[in-house]
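What follows is a set of notes on a single structure, which appears directly below.
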Amino acid sequence: MYSIKQISSQDSFAVRLPVLRPGKSIESCIFEGDNLPTTVHFGIFDNETLAGIVSVFKAYTTLLSHEKQFQLRGMAVLDTYQKKGLGEKLIKAAEEYILKNNGGAIWFNAREIAVGFYNKMGYEITGQPFTIEDIGTHYVMYKTV
Ligand SMILES: CC(C)(COP(=O)(O)OP(=O)(O)OC[C@H]1O[C@@H](n2cnc3c(N)ncnc32)[C@H](O)[C@@H]1OP(=O)(O)O)[C@@H](O)C(=O)NCCC(=O)NCCS
C-alpha cells in the first residue's frame, strides 16, 4: 500500500543520493532553494520505506512566457520500485498541489533517458537539448495545468 506525504528536503536525500547522485557526497544532494517556504517535497512510501521523491520549486524559465511557473526537481524512484507506477503517482501529486495553488506552467530539466516517461505524463519538449556536466543531455519539458 503506497502513500504520498510531504517530506523535508533532508528526508529526500535517502533517494536523491542512490538514484540521482550515485557515488557522490551527501552535500551533492542539496539543491539551492530546497528550504525556501515556496518549495515543497513529496515522498511516496511503501509502508515506512521512502521509495520515490519529487520536489516543487517556485522557479522560472525564460523558455516559457507563462506568468505562473513551477519547476519540478529531483524526480526519482529507487531502482527496485521503478516501473510500478510510483513515478506517475508522484507527478500527479505534484500537479494536484500546483492546481491547488491556481495552476500554471510546470517545467523541468529532463534527462534524456526520462523523456519517454514525461511524454506519457503529457509533457513536451521546448528549446534545444543541453548538457549538464557529469549527468548528460537534458531537455526542458513542460505542461500547463
Ligand atoms: C524516470 C522515473 C522517475 C520513472 O518512474 P517510475 O516509477 O519508474 O515510472 P512509472 O512506473 O510511474 O511509469 C509510468 C509510465 O511511464 C513509462 N516509463 C517509465 N520510465 C520510462 C522511461 N525511462 N522511458 C520511457 N517510458 C518510461 C512506464 O512504462 C509507464 O508506462 P505505462 O503506464 O504505459 O506502463 C524513474 O525511472 C527514475 O527514478 N529513474 C532514474 C532517475 C531519473 O532519471 N529521474 C528523472 C530525472 S529528470
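The values are calculated or read from the model by the stated rules, or taken from the named source; none is laboratory data. Keep in mind it's a predicted model, so treat the numbers as computed, not measured. Cβ placement follows ideal geometry from the backbone for every residue including glycine, while neighbour counts extend to all protein chains displayed. Surface areas here come from the heavy atoms of the whole protein model, side chains and all, with no ligands, DNA or RNA. Shrake-Rupley method; radii C 1.70, N 1.55, O 1.52, S 1.80 Å.
Here each label is just a point 7 Å from Cα along the line to Cβ, and for GLU32 and LYS120 those points are 3.3 nm apart. Here is the list for segment 1-81: GluC sites (Glu not before Pro) lying in DSSP coil, each with at most 10 other C-beta atoms within 10 angstrom of its C-beta, are GLU32, GLU48, GLU67. Expressed to the nearest 5 percent, the antiparallel share of DSSP beta bridges inside the chain is 90 percent. From largest to smallest, the equivalent ellipsoid semi-axes obtained for segment 30-101 from the alpha-carbon gyration tensor read 24, 13, 11 Å. Dividing the mean sequence gap of close Cα pairs (under 8 Å, 6+ apart) by how many residues the chain holds gives a relative contact order of 19 percent.
Computed from the alpha carbon atoms alone, the convex hull of the chain holds 112 Å³ per residue. Applying 0.36 nm per residue to the separation of SER65 and GLN6 and subtracting their alpha-carbon distance, the gain on full extension is 18.3 nm.
Protein heavy-atom accessible surface, 1.4 Å probe, per residue over the chain: 56 Å². Our helix-only sum for the chain, with -39,500 (n - 2.57) per DSSP H run of n ≥ 4 divided by its residues, gives a mean residue ellipticity at 222 nm of -5500 deg cm²/dmol.
Remind me, relative contact order of segment 25-105 in percent, using alpha carbon pairs under 8 angstrom and six or more residues apart? Rounded, it is 26 percent for segment 25-105. The simple spin-label model puts a point 7 Å past each Cα toward its Cβ; for GLN128 and LYS92 those points are separated by 3.8 nm.
Taking all protein chains together and rolling a 1.4 Å probe, THR144 ends up with roughly 80 Å² accessible. Annotation note: trypsin sites (Lys or Arg not before Pro) in segment 43-133 located in DSSP loop regions with a Cβ neighbour count of at most 16 within 10 Å are LYS58, LYS68, LYS83, LYS84. Which entries of LYS24/LYS120; LYS68/LYS89; LYS24/LYS100 show an alpha-carbon separation above 28 angstrom in the structure shown? Beyond 28 Å between Cα atoms: LYS24/LYS120; LYS24/LYS100.
With a/c under 1.5 counting as rounded, go ahead and sort segment 71-144 into rounded, prolate or oblate using the C-alpha gyration tensor (a ≥ b ≥ c being the square roots of the eigenvalues; past the cut-off, prolate if a/b is larger than b/c, else oblate). Since a/c reaches 1.5 but b/c is at least a/b, the shape of segment 71-144 is classed as oblate.
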